[in-house]
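The values are calculated or read from the model by the stated rules, or taken from the named source; none is laboratory data. Just so it is clear, the model here is predicted, and its values are computed rather than measured. Using ideal geometry, Cβ is built from the backbone for each residue, glycine included, and neighbour counts are taken over all protein chains shown.
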Amino acid sequence: MAIFARVAEAKSFSEAARRLKISKSVVSKHVTDLERSMGVRLLNRTTRSVSLTEIGQDFYQRCAEIVAAAEEAERVAMNEQSEVRGTLKVTASVSFGVLQLAPALPDLSERHPHLCIDLTLTSRVVSLVEEGYDCSVLIEREPTPGVVARRIGPADRCICASPGYLEKHGTPRSLEELKDHECIIFTGVGSPRKWYFRGSDGEVGVHVNGKLSVNNYNAIRAAAVRNAGIALLPAHVAAAELRAGRLVAILRDYTPVPSTICVVYPANRHVASKVRAFVDFMVERFGSGRDWNGCGHDSASS
C-alpha cells in the first residue's frame, strides 16, 4: 500500500522508485501483485503516463491515511516525537525565500541538528502530494483550497516609487490620482490591475494602469528603483531599498490590504513532527507583530 501510494502521488513508477530508493521493477511488481490480490485495476498505464482509475482514486485516499498513521507509529517507536529528524521538503516563493526564509533557516537547523532541509524556490503553483513536498510557504490573500493552511501572520505591503520617478511625474496625494501614473503590474494575482486598500469605509479597490507587467516582486523592485513607475510591493521586498532611499513610500494615509503568510500541507496526511517544528519556527519568526520596516504601517494592527 505504501508503494502504491507513492506511485499514485508521483504518477510515475520511476519517480516513485527514486523516492523509495528501490528499483522500478520492484515497484511495478508490488503494485501488480496488489491489483491481482484485490481483483481490480488501480492504475491506468501508458508508455508515457500513469493515472488513477476511479477505484484507484478512492483506494489511494484510504491508503494515504493508513500509510501516514503507520509512519507516525514508527516515529513514536523510534522516539522521533521528542527529537525532530529526517528531511523536510519545503517550497516557497522566490522573493520571500531569498530575502526572508533562507536567512532564517540556519537558526532552525541549529535548533534541530538532526533535521535536513530541502528548500525549493519557485513562482509556480506546486502540487505538494504529487511532487513529494512536506509543506509550502505561501503569501496570498486567501489560502489555496484542498490543503490545511496554518496562518502565520500578516505580510504587509506598501506603495512606493523612486525619487527620480516622483521628481519627474509628481507624487500622488490620493488613490484616485494613481490612475494618472505609470504603475508596475504584478501578474501573479487574480486581478493584477486592481489594488486594494483599507479605509474608514472598509476595503476599497483601485484600478491602475501601466505598460510594464512582471510576475516576480524582485524584478518589480528593480524596475521601480530604475524609475519605471509606482509599485505595490510586499514590505519585506521593499524594506532595504526604502531604508537606502532608493525607493520612497507614498500614500502613507492609505493602508494596502496585507497578504497572509501561511504554511500549507496536504489535508489527508498526519502532521509529522518535522512539519510541526517548522510551523512553530515560522510563527515565532514571522508571526503577528513582525516589523517589516520602512512602509509606515503597523503590521500588528493591519
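Here are the numbers for this structure:
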read-out: Matching residues, segment 233-249, being of a type in the set (Val, Ile, Thr) and surrounded by 20 or more Cβ atoms within 10 Å (Cβ to Cβ); value: VAL237
read-out: Boolean, GLU15 is buried (at least 19 other Cβ atoms within 10 Å of the Cβ), farther than 27 Å from ILE261 by Cα and charged (D, E, K, R); value: yes
read-out: All positions within segment 95-142 that are part of a strand (DSSP E or B) and either modelled with pLDDT under 90 or out of contact with any Leu (no Cβ under 8 Å at 6 or more places or on another chain) (or both); value: THR120, LEU121, LEU138, ILE139, GLU140
read-out: Test: ARG48 is of a type outside the set (Ser, Thr, Tyr) and at pLDDT below 85; value: yes
read-out: Qualifying residue in segment 169-176 (condition: part of a helix (DSSP H, G or I), in contact (Cβ under 8 Å) with a residue 40 or more places away in the chain, assigned by TED's automatic domain parsing to the domain that holds LEU242 and surrounded by 15 or more Cβ atoms within 10 Å (Cβ to Cβ)); value: yes
read-out: Test result for GLY86, surrounded by fewer than 17 Cβ atoms within 10 Å (Cβ to Cβ), touching a Cys at 6+ places or on another chain (Cβ under 8 Å) and on the phi > 0 side of the Ramachandran plot; value: yes
read-out: ARG75, sole failed condition from (1) more than 30 Å from ALA219 (Cα to Cα); (2) at pLDDT 80 or above; value: (2)
read-out: Test: SER49 is touching a residue at least 24 places away in the same chain (Cβ under 8 Å), over 30 Å from ARG111 (Cα atoms) and loosely packed, with under 12 Cβ neighbours inside 10 Å; value: yes
read-out: Criterion: within 27 Å of ASP134 (Cβ to Cβ), surrounded by fewer than 18 Cβ atoms within 10 Å (Cβ to Cβ), not aliphatic (A, V, I, L, M) and not assigned by TED's automatic domain parsing to the domain that holds PRO266 - qualifying residue of LYS21, LYS29; value: LYS21
